[in-house]
Every structure is written in C-alpha cells, then in structure tokens.
1. Pick from the stretch 356-402 the residues that are under 25 Å from the mean Cα position of the chain (by Cα), polar (S, T, N, Q) and surrounded by fewer than 19 Cβ atoms within 10 Å (Cβ to Cβ): which of them is farthest from VAL293 (Cα to Cα)?
2. Just the residues that are more than 30 Å from TRP108 (Cβ to Cβ), of a type in the set (D, E, K, R) and in contact (Cβ under 8 Å) with a residue 40 or more places away in the chain, please, taken from the stretch 366-402.
3. Condition test on THR377, is it out of contact with any Lys or Arg (no Cβ under 7 Å at 6 or more places or on another chain) and outside the structural domain of ASP111 (by TED's automatic domain parsing)?
4. List the residue pairs whose Cβ atoms are under 7 Å apart, where the first residue sits in the stretch 341-365 and is in the same structural domain as GLY316 (by TED's automatic domain parsing) and assigned to a helix (DSSP H, G or I), the second is crowded, with 19+ Cβ neighbours inside 10 Å and among the polar types (S, T, N, Q), and the two are 6 or more positions apart or on different chains.
5. List every residue pair whose Cβ atoms sit under 9 Å apart, with the two residues 6 or more apart in sequence or on different chains, where the first one lies in the stretch 67-84 and is within 27 Å of GLY119 (Cα to Cα) and the second, anywhere, is among the acidic types (Asp, Glu) and outside any strand (DSSP E or B).
6. Name the residue, out of VAL122, VAL149, that is of a type outside the set (Asp, Glu) and without any contact (Cβ under 8 Å) to a residue 12 or more places away in the chain.
7. Do the conditions hold for ALA136, that is, is it touching a strand residue (DSSP E or B) at 6+ places or on another chain (Cβ under 8 Å), in a strand (DSSP E or B), more than 30 Å from SER363 (Cα to Cα) and in contact (Cβ under 8 Å) with a residue 40 or more places away in the chain?
8. Just checking, how many residues over the stretch 171-185 are in a loop (DSSP other than H, G, I, E, B), modelled with pLDDT of 75 or more and not basic (Lys, Arg)?
Amino acid sequence: MKYGLWGSALLVAGIWAGQAAALNTDGYDIPYVGISGLYEFPDSKREADIGYGGRAWAGYPLTENSAFELSYFMLQRKRDIDGKHDFNSGLLLDYIYDFGLFAYEQKWLPDFKPYLLSGAGVERDDERGNVHYNPALEAGAGLMFPLKVGNWNWGWSLRTEARVLAAYNDHDFPNKRVPFDVHLNAGLNIPLTWFFKPSHKQTDLLDCPTAVVDPVTGRSDCAADSDGDGVTDTLDQCPGTPAGTPVDEKGCPIENGADDDHDGVLNGADECPHTPAGVKVDAKGCAVAQTVVLDDVNFELNSAILTGQATHVLDGVAQALNAQQNIKVEIAGHTDNSGSPKYNLVLSQQRAESVRQYLVGRSVDMARMTPKGFGETQPLVSNDTENGRAANRRVEFKIVLQ
C-alpha cells in the first residue's frame, strides 16, 4: 500500500501513540516515545531524488546511559526516470548509548547529550511497483538538547541525528545488493511521565499550601509535616518530635553523640552534613577555605576516564557541594613526570574537566567550579620512586568561600 507524505506522518503517529520509551534528559530515566521528520539522501543506485517522510520511536532505558529503542520510519522519493514515487519503510531495534550531559557556563549555549546507536531490523522496499522485504542494519549518531523554559521542565528534548541504513536487496539491485541510504532526523523525545514516575530529584519548592523539603534527598512535596521536622507524615516513623530536634531521614531523633560525616561536629550542631572525609570545617560543620587532595579519584591509564572508585568519591563531593552553596572550587589536575611536559599538561586539564563534568551531572552548578591543569609542574614529592609518582598523580580541590 502506498501513502502520501502527510498520510505517512499521521499513520506513524497513530501507531506509536502511548507506547513505551528510552533515551531521556537527566532525571527522566523512564520509558519514552518520540516522533520526527525524516530527510533522506538515497543511494545513487536508486536513481531517485531526495526522500521525505517521518520516523517514530519507543524506548526503554537499561542504565543511566543506555537504552533499547524500537523505531519505525516511512518515506517517499521521486524517481528520476519517470517522476513517479517509490516508497520505503522499516522497523528497527537499536541499542543507544549516550555520553552524558555537556553543559556550558554561558547561558546562551545550549546543554546537549551526544549519543551513538546501532541496530537491525527489516526494511520494506516499494521500487517501481515491486514490493520486497529485506533484512537491514543501521548505525548513527545524534545530539539531544533538553527543552526547559523557565520553571517548565517535563523532561522533553529535541533530538537531531544522522543514520546510515544498509539493507540487503538483490531484487532491485542485483549488481549492488546493499544500497546505503543516509537518514537525517529532527524531532521531539517525550518521557512517559503519565505512566511512569521520574527518577529526578525536585529541588525547587512546589506551588502548594504546604511544601515539605526532604532533608536527605532535597525533594519537595505537597504533603503534611505535622511536627515540622522536615519529614512528611507518610514517612515519619517518629511523629510528634519536639521542635528543633535533629532527626534522620525517618523523622526520628538523632543520638546526641552521633557524627555521621566524621567531621568533628555532632549531628545536632552540624549545619553542613555529608562533608567529605579530610575536609576542614568550622564550628558549624561547614567547609572553610583550604586545598584538599581527593584521595582515590583516579583515572584509567593515559586517559581522562574516571574509575569506579573515583565516581563513588565524587558522589560524596557532589552531595557536600549541593549542601553548602556558598563555596566555589578550583579543580586542579596534576600528573607525574612520565611522558612529555606538553602531554602531561593537556592530560591534567582533561582530567580536571572530566571531574567537573561528572559533578555537573550530579546537579552541581558549573559556574561554581573552575578546572585547571598543572601537568607535572607542582609535584608533592620526588618522582624518583613509583610511590612518589603515584602521590603526584592527583586531583586537588581549592575551596574558596563566596
């Protein structure tokens, strides 16, 4: 069956409305759907003009950075030989991997997520009235731009991508059995918040009569908090706590001698909980100006890729920075003297940038962090031994109070 351009777009929208979803903006790691326009550069063997059509997709996240996605496209293109139209459609299952959110200090530059995809499926070719179904492979890359205007943020995003589709077709192209077509797509990606609960942490107060902020997660809810301890009644296991009594995430009083972050300030007097180990604090438990070496923040060999232990340490750093908004930090990257000075300077800058990018992904404001690489110019100890070189390969935080 043949479809016109607008008919194809409407049919695609009807088929996929309400199905499950995949690649999303940060905090919306739930199933999603999407729809886009499609612009095709066909293989020259097709002897046809540029193709136009639409694509729809539905995805399911596997991790924070990957998803499976089922997509369906339809398009038409004008034949060179007689001016009539050929029609092409396909159903493909793709694996998608994104590289996290890239954000800028400049407000006029948009945040974006780059991603790669690859998959397989079946393509339906309607060439010169002959219909054939062919196995197909595809690969591509794209950029996703989160859409947020003022306080409006539903997790929607703009997706732009390029895909190369290769389908085995020995019926229409006996001399070239695998035509390669290039598809350019631009459209909207929409998480299914109507059916699934987003994983994001809402830090802004909601517009409601009673706004309660969870002291642990920072989430704000329209719910009652009868004893005013910051824990909603539905979660409070110790209702009726006297006013001013420090409580834990269950709403129960914290023992007077407890010091959960081990900074020397008891929980009851600690105004900045979750301070990372080794950070000097004042009498209120808040960090003071200082330079701190982040132990266990390491990278893969000759790269700026953080190790699993490093990300665990930085999760605690992000929690502390979000809890104490009056500090800025200079992230200093250092190396040993292995390799050339120029190479070490570049590598140290990349590693400092990598640390900042990770913290941005954990909701720390980019404007509060300045990455700077020093290469091998500021060793702590001699580079003559392996232990010395290991000590010199480090990341430091220079904390400045605003």
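The values are calculated or read from the model by the stated rules, or taken from the named source; none is laboratory data. A quick note: this is a predicted structure, and the numbers were derived from the prediction, not measured. Glycine also receives a Cβ, built like all others from the backbone with ideal geometry; neighbour counts cover every protein chain displayed.
1. So, considering only residues that are under 25 Å from the mean Cα position of the chain (by Cα), polar (S, T, N, Q) and surrounded by fewer than 19 Cβ atoms within 10 Å (Cβ to Cβ), the one farthest from VAL293 (Cα to Cα) is SER363.
2. Within the stretch 366-402, GLU376, ARG389, ARG393, ARG394, GLU396 qualify.
3. Judged against the criteria, THR377 is a match.
4. That search, which allows pairs on different chains as well, returns ASN344/THR335; LEU347/THR335; SER348/THR335.
5. ALA67/ASP29
6. VAL149 is the lone residue from the list that is of a type outside the set (Asp, Glu) and without any contact (Cβ under 8 Å) to a residue 12 or more places away in the chain.
7. Yes; evaluated as a whole, the condition is true for this residue.
8. 2
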